[in-house]
Each structure stands twice: as structure tokens, then as C-alpha cells.
Amino acid sequence: MAESSSLRRVAWLAAAGLAAVIIGWPVARLFGVALERGIGTLIETLAGPQATVAIWNSLWTGGSIAFLAVTGGTAAALLTERSTLPGRRWLRAGLLLPLLVPPFVTAFGWARAFGPRGLTDQLLGLTLPGIYGPLGIVVVLTVAAMPLAYLIVAGALASRVEPDLERAARASGATRFEALRTITLPLLRPALLSALVVVFVYAINAFGVPAVLGTPAGFATITTRLYQDLALSADPAAFVRATTMAASLVVVALVVVGSSDALFVGRGAARTALPAGAGLARSRGVVAVALGAAIALTTVLPLVALVLAALTRATGLQPVPANWTLDNFAAALDGRFLGGLAHSIVLALAAATVTLLLGALAVAAGRRRSRILGTAITLGFAVPGSALAVAVLLAYGGWLRDTLAIILVAYVAKFWALGHRQLAGSVERLPGDQVRASRASGAGALDAFRSVVVPALRPSIIAAWLVVFVFALHELTMSSLLYGPGNATLAVIVLNVQQLGDPTITAAMAVLLVGVVALAAIPLAIAGFGREPTTRPGGGAS
Amino acid sequence: MTGRPDPTVGGRPDPAVSCRGLTIAYGPTAVVSDLDLEVGRGEMLALLGPSGCGKTTILSALAGFLPVASGEIRIGGRVVADARRQLAPERRDVGVVFQGYALWPHLDALDTVAYPYRRRGIGTAEARRRAAAILELLGIAGLAARRPAELSGGEQQRVGLGRALAREASVYLFDEPTAHLDANLRDRLQLEIAEHRRRSGAAAIYATHDTAEALAIADRVALLRAGHLVQEGTPADVYERPVDLWAARLTGLASIVELTLPADVDPGSRSGSPGPTPAGVAGADQAPLLSTGRPIAAGLVRAIVRPDWVRLGGAIPGRVVTVAFRGAHTDYRLATPAGTIDLRAGGPPTAALGEPVGWSLDRVWVPVEAIGGD
């Protein structure tokens, strides 16, 4: 095996070199710049009124969002994976729906649905007070992040809490609630912790939602403050503040993430849901309808409101067919939009492909040697997008400023982990004996790889590519800090139009953006998300 | 095997478990349909059947993990499940031992066994004291502080058994509890389980696909095929008088022999002389004892022969096709004019592969269901 171990060494060197260039150097540069004026200046900057308020706002909204999303996601996972709710398949798909909608579009949708002059205001005279401000940010980001918590907890329910463990508790005399308290929740603890961390990092990383709902109300978070300081200000003090806050954002994220693996506990597990049995029988229908109604209210209604706003001739008119028009879409589909679409697609294609190749390279480096490499790759994912964008700008802004390439570097740094983990996971699950059996049947190393490994990995290769493609397509946080004149991405253009204040055109653009993302995500949905678990009836022997 | 209540005596107490017209379905597919089953107090019933025949499904419905589509389940005379209502598992008087052990990764052996006591409102100290006594009884007191990850398969299942015993239920459900263990350990543990169950005085249903296990430990055996009950009886009943060829093959090695019957035979009666003779065999003077589950007319008939009903040495010709020395005994397969016959004899092999041998039949069984052209 000397040949293959030298191949591994080459792969490791290449992957480590690229990780250093793409992730290591920018992050190092960020800390270098943040610290170059000395600790005193750093503390002074952080203690300044604007920074303090922004940091505090990010922390408390992030904490609230993490708590609410994990509570909601756990309840939803228990309902869909541990009961025989009618229409579970649709409820699952509905719970994952927010993943397809860029969070800032969800924010538009909520404003159009529940805000002043929104849908419920027009139809019922009801508005959600505080939609512009921290309450709106917390609610919308909770809705947007709930699928993440749901996926982590549902995965852990499938992989760590076999239904027999809960059945054994019931057969030992525990009520449904006691079994939940003494068995299910203790076993889920690592997943719950991981979900809290993931959602917290997601929330403090969020830029679009606070930009849409917080900025008009004068509510700043770290990310919107960074954007103000970096994109809209020429003041050198603002630049210092931006780098300092970006570095502190990295520190917060890393402290919270703690171990690199906290981000990925319980991912990608197969579902083994079996009906948990008697009980809940009478209320099943009621619970299913309630869950469906919650999904409709929080996810579907905002999208409907957005579509209606896009179809309505002018803001404030009743959303009835008499007032409908396609003019907004025609106006939205201008040169800027199509240019943005082209940039986004090129970037997403490139990011997905490069990420996949880098993921394969890291996997090829082997598991033993790639601990540090894996940590570096995960670091790129854990570092909040705003901070990562600042870091990349500091490292490569000199010669790549205002090019698509610098955005691509940031995307790759951010999404490398997605490609790597997905591939590494399925390589680990691939039984070594299959490859050995192929070699023992007369296949050469390359032949065995082609005939046994590739077919087994094909679904995860496709899934990894698509996930990165979809994420890159609606990425806003990093793009909004890195774009230059003439190379804005689609999401950036939609946000800019919104900030110029044309609600109907913004709505039309947002609907088109969701349409593009949904189109890209259809193969992903077919590849697995909504799939019904294979329930094996009876016959326990295996 | 003692303690079996006589099903013909009226006015006896309610059986420990009774299922009437039990149908269990996953979606539109009925996995078990119209099943009637009864287990007497203190009785151990083995549910014997191949993988996927519905054993686990039936136990799940009895334990309350699965709803019943129609029919009813009574435990200790009380209806616990029918098409409309299901009593929750914790409210049934039932303890369960799982095939995959189902031990909780975050609890050690002592707290696992103490768990059922805690659920009954017994304080931690007292629950642990009682749990320690059970671990002592099972000979695993030394493992009290270990979690499942630190236990072998056999140890894990002993803890699982302890947890079920701590339930102090009147019915135990064993779902292939030894299926994941290696052969030596399996034999030992199944006898241990049977012994602890017997001493608890509770009734039990023991699902297994292992014939030897079912015959060794059960008071009564129920043969299950595709969710239907094929036959029920004592281990000797189902071994010696299987209802058809499928039941015969499920309960042990069974060969088919073709016989010429000189006179009609009534069910239940035993053939005297002149008896049946293997078809196509001239000069087979010794006629086997024939028992039958149905009236049969004179002429050709197919019968079932167990390996221990055949002896080497005799007037019927044959040739050895396979020989397998198994230590305490040797298994032969003979090609004969009357069919292919499996034969078991004590000690090491006395006939070699390919060797012509003479053999004789002690007894044969003609099942209720005629044997086809198998």
C-alpha cells in the first residue's frame, strides 16, 4: 500500500495548502488587523457605544432564536418521527420548506403578511406589532432556523433513540411523558446542544433579516453594523470597528461551537421511524391540523402575501384579481436582475463544483491525517459570513477587489465543509469489505473505485453539489460585503431594490428569486428530503 | 412439561392472555389476520415461525406498541385492546424482553433494573435495593455499575431480563431474546430465561424462529405462517404429529416416504398387521407403525418420517448420499426406492459415503393435509 499512502500524502498537502490559503490566511489576517493597533484600541473599540449595542443585540436575539427554534424543532421532530400523525410526509416537507426561502425574503414575506398595510391588515385589520424591530427579527429567524434544529433532532431520534428504547420504558411502566423525560430527552441531549449551537451561530451570522426588519427600526446587530461600517462609510474609524467586530464575531462563534464536531452531530442519519404505538390516537387529527396550520401561518402565508404583493398594481390596493397585473414582474426582469441572476448562477456552479472537488481532496487525504484539516474546514463554516467576508477582503482585497473571484473564495471557504462532511460521511459508511471483495474478484484499484465506490457515493456526491449550489444561489451576507460595481449577485440586487423602497418590484424580484432557488432545489427534494421512511412490517428477526 | 391447564375443563379462571379474531395491519396490509390465541396462567407458549411471519407484530400488539385493526386482546380477563381502544403499554400487566436488548445507553445496569420500580413510585434507595437483589439472582451483581456499552451481548440481555422481572408482571413477552447471541451462549441463556420465568409464576409468550429452542423451553408451541396460526400443541404434539409438511419441516428434519397401504386406516387408530410397506420395495417384511390424522384408504400414501424414526440395518435397500458427524450422533441422508430419507444414529459414522446400506422404518406419520407431489 506504499503507492496509495504516498497518494494520500500528496492529497493531504494539497488540501492543507488550499485550506491555509482559503481559510487560514484570511482569518489570520483578520486577527492581525484587529490586533495591530494593540489590545487597548481593541477594547476601546468594542466598548464604544455602537459596538456594544450591536454585540449585545446580536447575543440576546441569537440566544432567544436558538432557544425558540430548538424548542419548536424538537417538538416538531417528536411529532413527525414518533407518532402516527396523518399526512406526516406533507408535514415533514412543510417543516423543511423555509430552507428553500432566503431568510431575508421570509422577512419581506412577513412584513407583507403581518406588517402595516400587509395582508392581514387589509383583510382583517390585524397587524403584528413590532414586526420591524427585535421581535420581528426573532420571530422570522426562528422560523427560518427551525428546519436546522428539526433536522438535527429528527436525525438524532432516528440514529440515537431507537423506538425500542422508548417502548422498553413504556413496558417498564413509564407513561408517555415519563418516557420522554427519563429516556428520550437525556439521549437527545448532545443533539439538542448541537442544535442550539448551530442555530445560535446561524442567528448571529444572519444579515438579511436584521437588514430588512431591524435597520428601518434603528435596531442594529453586529452584522448590520459591519455592513454600515464597511459598505456605506468611508470613515477609517468605521473600518477599524468593522475589523474588530468581525474578529470578535469569530471568537464568539468559536467559543460557542467549542468542539468542531458540535456542528455536525446527528446529521445524515437514516430515518427508522416506526409508529410509537397506542395513545395520542384520538388527538392525532387535531395535532396534525394544528401543526399544518402553524406551517401555513408562518411559512406559506408570508410567501402568499409576497406573491400577492408582487401581483398587485400598487401598494395599498386590495389584493383582489381586479387589481392584479404582471407589470411588476416585467419591471423586475430588467438588465440588473438578469445580470445578477447570471452572476449568481456562475458563482453557484463554480462554488458547488470547486467545493465538491476540495471535499474529495480532503477525503482522499484520509481520516487519520485529516483531523487538523477537518477542523480548519469546519472553521470556515463556523466563522460567521460577515466576518469571513471581512477576512477575505483583508487578505485578497488588494488584487481581487470587486471581482466575482473574491466572492467565490468566500463561498468556497464557507461551504467547503458541506461538501467534505457529506462525502466523508458516506465514505465512512461504505463497508471496506465491498472494496476488498471487488479486489478479490479481480478488479484493480482504479477499477474497484469506479465499479464499487463511485456508484455507492453517487447520491451523496449529487446531494453535496446541489446543497452548495442552492446555498450559494441565495447567499446574501458575504455577497453584500464583497460585491463591486457591475457584479452584484441576485440576492444583493433584490436587497438593494428593497432598500430603495419599491415594495411591489421588490416583491416581484423576491418571488422570482424564490422561484430560481426552488427550481434548483427540486432535484434535491426528489433526492431525499420528503421521502417516506421505509417501514418494515413485523418480523423482527434479521 | 407440566402445569398445562386442560382446555376442556370449564369454570376455570380467566386465561393470562387471550386473543380473539386479532387482526393487525400496517396501513392497508394485514400482517396478522383473525388470530385466536390463548395462554393459561403460568404457562409458557412459544410462537414459532420463520422471519417475517408476524411474531414480533403479535408481541407488539400485546405489549401495546401497535394498534389492533379488529378483534380483541384480553390480559388477565381484562380487555386491553380492541379496534376502538388501546390501553397504553404502561397500564398493561406485561413485561417485555427485546431482541435487540433495548438497554438505555445513559443508565447503568442497576438503574435500568430499578427503573420499573421507580415508575411505580418507589423511592430511589428502595428501588435500587430491589434491583440489586434481581441482579444477584441473575448472577450479574458485579455488573451493577456498568452501562450497556461496557456489557457483552449475553450480559446485556440478562440486564434486559432483570428489567422485565422488576416489572413483576403476570405476563412476559420475549421477542427472540437470544437471536443475537452465539450458539453456546444461546443455549445457556434460553434455559436461564425459562427457569427465571417459571419461578416468577407468570405466563409468557416466547417468539422464536429456532425450533430446538421452542421445543426445549415451551409448555405449548404455536406454529405461525404469514400471520396465521397453523398448529398449536405440546412440543411433542407438534413434533410427532405436524398438521402438514410445512409444519413438519418447521419443527425439525422431515423426510417423505411413499407407502403401500394394504387396508383402510381410521384417524387416531394405529395400523396393526398387515401394515404399510414402502412402495416399490420388494421383500420389506417389517412394517412400520403408522399413525394418521385423517382416514386413509388402502393403496399408495405419502407419510412423514423423522430422522429418529429410522434405523440403519434392515431389509430395505438404500445408498448413503451424505454423512455428517455431529459429535453425539451422526446424520445420514439415504437415497432409497421409497424416497430420500434423513436418518440419525448415535455415535460416529458406521457407513461411508456412497455405501449401499439396509435400513428399516420404526414409525411414520400421515398428516391431516395430504402431501402433494413434493
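The values are calculated or read from the model by the stated rules, or taken from the named source; none is laboratory data. The structure displayed is predicted, hence computed values, not measured ones. Ideal geometry is used to build each Cβ from the backbone, glycine not excepted, and the neighbour counts take in all protein chains shown.
Values for this structure:
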item	result
Identity of the residue in region A:253-274, buried (at least 18 other Cβ atoms within 10 Å of the Cβ) and within 14 Å of chain B (Cβ to nearest Cβ), that ends up modelled with the highest pLDDT	A:L274
Test: residue in region B:344-351 that is in a loop (DSSP other than H, G, I, E, B), within 15 Å of B:P288 (Cβ to Cβ) and either at pLDDT 90 or above or touching a Cys at 6+ places or on another chain (Cβ under 6 Å) (or both)	no
Count - residues of region B:203-228 that are crowded, with 18+ Cβ neighbours inside 10 Å, out of contact with any helix residue (DSSP H, G or I) (no Cβ under 7 Å at 6 or more places or on another chain) and more than 14 Å from every other protein chain (Cβ to nearest Cβ)	4
Region A:150-169 - residue that is at pLDDT 90 or above and more than 8 Å from every other protein chain (Cβ to nearest Cβ) and, of those, nearest to B:V159 (Cα to Cα)	A:E166
Tally of residues being part of a strand (DSSP E or B) and either away from chain A (no Cβ under 14 Å) or hydrophobic (A, V, I, L, M, F, W, C) (or both) across region B:14-34	12
Residue in region B:64-84 that is nearest to the chain's Cα centre (by Cα), counting only those that are crowded, with 24+ Cβ neighbours inside 10 Å and of a type in the set (G, A, S)	B:G64
Criterion (over 23 Å from the mean Cα position of the chain (by Cα) and under 30 Å from A:G398 (Cβ atoms)) met by exactly one of A:P455, A:P503, A:P485	A:P485
For A:D164: the one exception among (1) touching a helix residue (DSSP H, G or I) at 6+ places or on another chain (Cβ under 7 Å); (2) assigned to a helix (DSSP H, G or I); (3) not hydrophobic (A, V, I, L, M, F, W, C)	(1)
Considering residues of region A:228-252 that are touching a residue at least 60 places away in the same chain (Cβ under 8 Å) and more than 23 Å from the chain's Cα centre (by Cα) only, the residue surrounded by the fewest Cβ atoms within 10 Å (Cβ to Cβ)	A:A231
Test: residue in region A:510-533 that is away from chain B (no Cβ under 14 Å), modelled with pLDDT of 80 or more and either within 30 Å of B:K55 (Cβ to Cβ) or in contact with a Gly (Cβ under 6 Å, 6 or more places away or on another chain) (or both)	no
Criterion (surrounded by 14 or more Cβ atoms within 10 Å (Cβ to Cβ), modelled with pLDDT of 85 or more and small (G, A, S)) met by exactly one of B:A279, B:A315, B:A303, B:A284	B:A303
Filter result (in a helix (DSSP H, G or I), surrounded by 22 or more Cβ atoms within 10 Å (Cβ to Cβ) and within 7 Å of chain A (Cβ to nearest Cβ)) within region B:101-143	B:Y115, B:P116
Region B:198-232, residues that are modelled with pLDDT of 95 or more and on the phi > 0 side of the Ramachandran plot	none
Residue identified as part of a loop (DSSP other than H, G, I, E, B), over 23 Å from B:D244 (Cα atoms) and touching a strand residue (DSSP E or B) at 6+ places or on another chain (Cβ under 8 Å) among B:G314, B:G354, B:G358	B:G354
Helices (runs of 4 or more DSSP H) completely within region A:63-155 that count 1 or more residues being within 24 Å of A:V201 (Cβ to Cβ) and within 15 Å of the chain's Cα centre (by Cα)	A:88-96, A:103-114
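Here's the yes/no breakdown for (1) over 24 Å from the mean Cα position of the chain (by Cα); (2) surrounded by 19 or more Cβ atoms within 10 Å (Cβ to Cβ); (3) at pLDDT below 90:
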{"site": "B:M44", "(1), (2), (3)": "no, yes, no"}
{"site": "B:S51", "(1), (2), (3)": "no, no, yes"}
{"site": "B:L62", "(1), (2), (3)": "no, yes, no"}
{"site": "B:Q86", "(1), (2), (3)": "yes, yes, yes"}
{"site": "B:R92", "(1), (2), (3)": "yes, yes, no"}
{"site": "B:Q99", "(1), (2), (3)": "no, yes, no"}
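So that you can scan it fast, the table gives a plain yes or no per residue for (1) within 12 Å of another protein chain (Cβ to nearest Cβ); (2) buried (at least 23 other Cβ atoms within 10 Å of the Cβ); (3) within 11 Å of B:V96 (Cα to Cα); (4) within 19 Å of the chain's Cα centre (by Cα):
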| position | (1), (2), (3), (4) |
| --- | --- |
| B:A149 | no, no, no, no |
| B:G154 | no, no, no, no |
| B:F174 | yes, yes, yes, yes |
| B:D182 | no, no, no, yes |
